[in-house]
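Working notes, structure below.
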Amino acid sequence: MRRFLPLALPLLLPACNADAPTPGPTPSPTASPTPLTDTATPPKPLPLKTFGDWAVGCDNGATCQAGSLVPDDGEPPALALSIERAAGPDAGVAIRLRGNGPALPLTFTVDGEAVARGGTAQGEWTGLSGEPALALTRRLANGRTIAIADASGKTIATLSLTGAAAALRWIDAQQGRDGTIGALAAPGKRPDTRPAPALPIVRAPVVRGEAALLDPLLVTRMRETAKCDADDLPPATTKPLGSRTLAIIPCTVGAYNVLSALFVVERGAAVPATFDAPPAGDAPDEQTLVFNAGFADGILAADARGRGLGDCGTTQRYAWDGTRFRLIEQRDMTECRGNIDYIRTWTTRLIR
């Protein structure tokens, strides 16, 4: 197995699972009402950590997630498991499993002991929440393996719990729960009272209008400005930005990755789009290129995948604020070890 570094993505590595859905943003509760003015907070996605066969991380709102990984010497199981918990007193635990639609209900057994039974289908995910999820998570902190059986009683996945206890203790520490009645790994007697931090505010207008047609000569100049490859490039596409137009100019094509330069076009003139945080991936020097760019309703999606399985990389979402693209969410997975449920490392409150 290999590690993926978010800012060192191999250019020609295939990303055939780039369209795999990721869970939508889980809002973190806030300690007090937040202002409706734009806070202009510089984005600072937080780093992930790896403990044995588990990856873990938190976002700036202190929502944390741990995910199972394939052991270095093992084969990928039929299911990958992720545990997410928001910050704030009495926040619940949500467990997600990714697999081939197992027959429900599921039975979760830790070291031979049945701990929880249930599960609800959520598209390509299976979820477990409430008290069963909390009880199961706390049991994982003291186990070696978890076996998951489908409705027929057949074991469909066995996951290593090496590192799970350390990952859960780390989450408790980040959320200020270690030693409290709300802790996951080592509950104590102190009350669970730390509030969640307020999220940064990003104000962005609803984008309307129609995209302009691009003069072929202008497209040529944009490709020259971005130092694009000369041959076999997909056509440029345009999207409305109010009275202006967003031009997405493919610059470099790998096996399944398309790196594009973005320009803002107004009255026949094009200037490179600007960002408050750089797009992820390994673009050539002196180029700001977006991996697998998509744009709709004023939101730019950038998906830098580390390999064809799509189990490592960085996904980003930017909002157009009328001047530049603002990072409103980032999810990462730095370990290429079988879990495509990327961990959120930055989030905001978007006001439109």
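The values are calculated or read from the model by the stated rules, or taken from the named source; none is laboratory data. The structure presented is a predicted model; accordingly, all values stated were derived computationally and were not measured. As a convention, Cβ positions derive from the backbone with ideal geometry for all residues, glycine included, and neighbour counts pool all protein chains shown. In case anyone asks, the SASA skips ligands and DNA or RNA and just uses the protein heavy atoms, side chains included. Shrake-Rupley method; radii C 1.70, N 1.55, O 1.52, S 1.80 Å.
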Extension length gain for LYS154 and ALA114 (0.36 nm per residue less Cα distance), in nm, is 13.0 nm
Distances longer than 18 Å among the Cα atoms of region 117-185: what percent of all pairs is that?
48 percent
Computed ³J(HN,Hα) along region 335-352: with the Karplus parameters 6.51/-1.76/1.60, θ = phi - 60°, integer Hz and x for glycine or proline, the list is 9, 8, 9, x, 10, 8, 7, 4, 9, 6, 10, 7, 8, 9, 9, 8, 10, 10
Subtract the Cα-Cα distance of THR323 and LYS189 from 0.36 nm times their separation in residues, and report this length gain in nm to one decimal.
43.2 nm
Built amide H within the under 5 Å cut-off of GLY242, gap 5+:
ARG208
From the phi of every residue in region 209-216, what ³J(HN,Hα) in whole Hz does the Karplus formula 6.51 cos²θ - 1.76 cosθ + 1.60 yield, where θ is phi - 60° and glycine or proline is x?
x, 10, 6, 7, 6, 9, 5, x
What accessible area per residue comes out for region 213-352, rounded to a whole number of Å², with a 1.4 Å probe?
40 Å²
Sparse-neighbour loop sites [trypsin sites (Lys or Arg not before Pro); region 219-274; at most 12 other C-beta within 10 Å; DSSP]:
ARG267
Could you work out the pair-distance distribution P(r) of the chain from its alpha-carbon pairs, with 20 angstrom bin width and percents rounded to whole numbers?
29, 52, 18, 1
Step through the residues of region 290-304 one at a time and calculate ³J(HN,Hα) from phi using the Karplus curve (6.51 cos²θ - 1.76 cosθ + 1.60, θ = phi - 60°), rounding each to whole Hz and writing x for Gly and Pro.
10, 6, 6, 5, x, 9, 7, 6, x, 10, 9, 9, 10, 10, 9
Most to least accessible of SER260, SER243 (protein chains only, probe 1.4 Å):
SER243, SER260
When DSSP beta bridges are limited to those with both residues in the chain, what percentage is antiparallel, rounded to the nearest 5?
95 percent
Taking loop as defined by DSSP and a crowding limit of 15 other beta carbons within 10 Å, which trypsin sites (Lys or Arg not before Pro) in region 80-147 fit?
ARG144
Please compute the volume of the convex hull spanned by the alpha-carbon atoms of region 256-352 and report it per residue in Å³.
116 Å³
Two-decimal log10 I(q)/I(0) for region 30-119, as the Debye equation yields it once each C-alpha is a single scatterer, q = 0.10, 0.17 Å⁻¹:
-0.41, -0.95
For every helix of n ≥ 4 consecutive DSSP H residues, a contribution of -39,500 (n - 2.57) applies; sum these over the chain, divide by its total residues, and give [θ] at 222 nm rounded to the nearest 500 deg cm²/dmol.
-2500 deg cm²/dmol
Carbon plus sulfur, as percent of the 1.4 Å-probe accessible area of region 90-238, comes to 52 percent
If I ignore ligands, DNA and RNA and count only protein heavy atoms, how much of GLU124 is accessible to a 1.4 Å probe, in Å² to the nearest 10?
90 Å²
Using only Cα atoms, find the angle between the long axis of helix 164-174 and the longest principal axis of the chain, and express it within 0 to 90 degrees, rounded to the nearest 10.
70 degrees
Place a label point 7 angstrom from the Cα of ASP72 along the Cα-to-Cβ direction, then list the residues of region 311-352 whose backbone nitrogen is under 19 Å away.
312, 334-339
In Å², nearest 10: area of VAL207 left accessible to a 1.4 Å probe:
30 Å²
